[in-house]
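**Student:** Sharing a structure with you now.
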Amino acid sequence: MATDLVPEVAQPAAGSPRPASTPRRKRRTPNFWRYRWLYLLLLPGLAYFVVFKYLPMYGLTIAFKDYVPFLGYSGSEWVGLKHFQELFTGPDFGRLLFNTLLLALLTILFVFPAPIVVALLLNELRVNVLKRSVQSLVYIPHFLSWTIVASLTYLLFSVDFGVIANWIHGLVGGQKTDYVAQADWFRPLIVLQLLWKQTGWGTIIYLAALAGVDSQLYEAARVDGAGRWRQFWHITLPAIRPTIVVMAILTSGHLMDSGFEQIWLMTTSLNRDVADVFDTFVYYIGITQGSFSYATAVGLFKGVVGVVLIFGSNFLAKRLGQRGLF
């Protein structure tokens with residue numbers, strides 16, 4: 001029989017030690033020691049966040065105290081939610097909230113889609129030299145400070161020597177308009193500045209996402225008879241949709257941040273009613289008037305709203321079938 005050809009394996013006697021079938025596995029080196037140089041490179045960034053981001057959070061306690069610099073954090077009197085009540089019931093809260101949210105809404109409607117549109121247009125260019133040249137010209141303004149941007153705005157739209165202001169006056173006629181000082185033109189100028197300065201930098205992110213799209217998908221779509229619009233709708237747009245969702249979640253966390261430097265440089269005595277936002281209000285109250293506790297309460301309110309918006313938008317993205325940020 002065939003089974004008789006199989007040799008019998010000798011079984012070890014009872015009580016005898018079992019032979020080692022494989023050599024003892026060497027002990028693995030801990031991951032921390034294996035990647036010690038990578039962890040060492042992590043230390044400067046970690047130290048930055050600890051020193052400049054997390055340790056200063058202890059100062060948020062003065063939002064619940066009547067802070068006196070001579071008494072320090074621990075010696076100042078604890079007042080609970082007094083400053084938050086003053087903020088929500090004060091005469092400035094409604095105006096500040098309206099100005100901040102309106103600028104945030106304009107940013108979402110005009111500034112957020114601009115990099116997507118520019119990236120899609122650049123992606124359609126087939127001349128690489130022209131594509132790279134336009135891309136470089138578009139994102140150069142990102143490296144300019146807000147001081148330079150505000151100075152250029154005054155040079156272009158000032159009533160006295162503004163180039164664009166004089167050109168518009170030559171076309172329309174009538175009395176000259178001071179676009180920089182008037183309150184009606186404050187928000188349009190802020191949006192134009194954001195578009196000019198930030199569109200190019202955001203375009204890089206979406207171009208990087210478009211670079212990862214497999215070219216064979218477009219070839220297969222052309223074989224199936226799909227035109228440029230159908231290729232855009234069924235291939236290009238779904239490819240950058242996760243990037244758009246992530247950028248939207250990150251943007252939602254900054255809806256209450258209107259940008260202190262930009263707003264401060266564009267604020268005049270004539271447009272202060274529409275220019276005041278939470279960022280500038282913290283400076284007015286905290287630095288110029290010395291109300292450190294009240295200003296900290298305003299900043300803490302902004303931070304809490306930003307955290308809630310990030311978690312809420314991330315939850316909404318997941319409910320809509322997207323991956324989300326975390």
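**Student:** Take peptides 108-117, 247-256, 42-51 and line them up by average Cβ neighbours within 10 Å, highest first, as a rough protection proxy.
**Tutor:** 247-256, 108-117, 42-51
**Student:** With a/c under 1.5 counting as rounded, go ahead and sort the stretch 92-180 into rounded, prolate or oblate using the C-alpha gyration tensor (a ≥ b ≥ c being the square roots of the eigenvalues; past the cut-off, prolate if a/b is larger than b/c, else oblate).
**Tutor:** Oblate shape, in that a/c is at least 1.5 and b/c is the bigger or equal ratio.
**Student:** Follow-up question, since we're still on this one. May I ask for the distance between the Cα centers of the stretch 52-131 and the stretch 185-231, given as a whole number of Å?
**Tutor:** 28 Å
**Student:** Dipole of the chain (Lys/Arg Cβ +1, Asp/Glu Cβ -1, origin at the Cα centre): which of Gln322, Trp167, Trp264 lies farthest to the positive side?
**Tutor:** The residue sitting farthest along the positive end of the dipole is Gln322.
**Student:** Among Arg132, Arg222, Arg34, which one shows the biggest mean-square fluctuation in a GNM of the chain, springs joining Cα atoms closer than 10 Å?
**Tutor:** Answer for the Gaussian network model of the chain: Arg34.
**Student:** So, R0 is 41 Å and r is the distance between the beta-carbons of His142 and Gln216; what FRET efficiency does that work out to, to 0.05?
**Tutor:** 0.75
**Student:** Cα-Cα over 21 Å: which of Lys82/Lys302; Lys197/Lys302; Lys176/Lys197?
**Tutor:** Lys197/Lys302; Lys176/Lys197
**Student:** Given +1 on the Cβ of Lys and Arg, -1 on the Cβ of Asp and Glu, and no further charges, what dipole in debye does the chain carry about its Cα centre, rounded to the nearest 20?
**Tutor:** About 1540 debye.
**Student:** Using each residue's phi in the stretch 200-209, evaluate 6.51 cos²θ - 1.76 cosθ + 1.60 at θ = phi - 60° and report the 3J(HN,Hα) Karplus result to the nearest Hz, with x for Gly and Pro.
**Tutor:** The phi angles translate into x, 5, x, 4, 4, 5, 6, 5, 5, 5 Hz.
**Student:** Angle check, please: helix 113-123 long axis (alpha carbons) against the longest principal axis of the chain (alpha carbons), in degrees 0 to 90, nearest 10.
**Tutor:** 60 degrees
**Student:** What distance in nm lies between label points placed 7 Å from Cα along the C-beta direction at Val172 and Leu97?
**Tutor:** About 3.4 nm separates the two model spin labels.
**Student:** Can I ask one more? Can you work out the FRET efficiency for the pair His254 and Val223, with r the C-beta to C-beta distance and R0 = 45 Å, to the nearest 0.05?
**Tutor:** My answer for the efficiency is 0.55.
**Student:** Could you tell me which label, among (1) 39, 21, 17; (2) 44, 27, 15; (3) 54, 37, 18, carries the value of semi-axes √(5λ) of the Cα gyration tensor in Å calculated for this structure?
**Tutor:** Identified label for the calculated read-out: (3).
**Student:** For the stretch 227-326, just say rounded, prolate or oblate: build the C-alpha gyration tensor, square-root its eigenvalues into a ≥ b ≥ c, call rounded for a/c under 1.5, and beyond that prolate if a/b exceeds b/c, oblate if not.
**Tutor:** Oblate shape, in that a/c is at least 1.5 and b/c is the bigger or equal ratio.
**Student:** Applying the Karplus parametrisation 6.51 cos²θ - 1.76 cosθ + 1.60 with θ = phi - 60° to the phi angles of the stretch 185-192, what ³J(HN,Hα) value in whole Hz is obtained for each residue in order, glycine and proline being reported as x?
**Tutor:** Result, ordered by residue: 9, 5, 5, x, 5, 4, 5, 4 Hz.
**Student:** Under a 5 Å amide H to amide H cut-off, with H placed in plane at 1.01 Å, what residues pair with Lys65 once short-range neighbours are removed?
**Tutor:** Val79
**Student:** Right, here's the next one. What distance in nm separates the simple spin-label points at Leu60 and Tyr284, each placed 7 Å from Cα in the Cβ direction?
**Tutor:** Placing both labels 7 Å beyond Cα along the Cβ direction yields 2.5 nm.
**Student:** Next up: Please determine, in degrees from 0 to 90 and to the nearest 10, the orientation of helix 93-106 with respect to the longest principal axis defined by the Cα atoms of the chain, where the helix direction is its Cα long axis.
**Tutor:** 60 degrees
**Student:** Using a Förster distance of 41 Å, how high is the FRET efficiency between Ser74 and Asp184, based on the Cβ-Cβ distance and rounded to 0.05?
**Tutor:** Calculated value: 0.25.
**Student:** With everything on Cα atoms, drop me the angle between helix 146-157 and the longest principal axis of the chain, reported from 0 to 90° to the nearest 10.
**Tutor:** 40 degrees
Laboratory data are not the source of any read-out in this text; all were calculated from the coordinates shown. Remember, predicted model here, so these are calculated numbers, not experimental data. We place every Cβ from the backbone using ideal geometry, glycine too, and count neighbours over all the protein chains shown.
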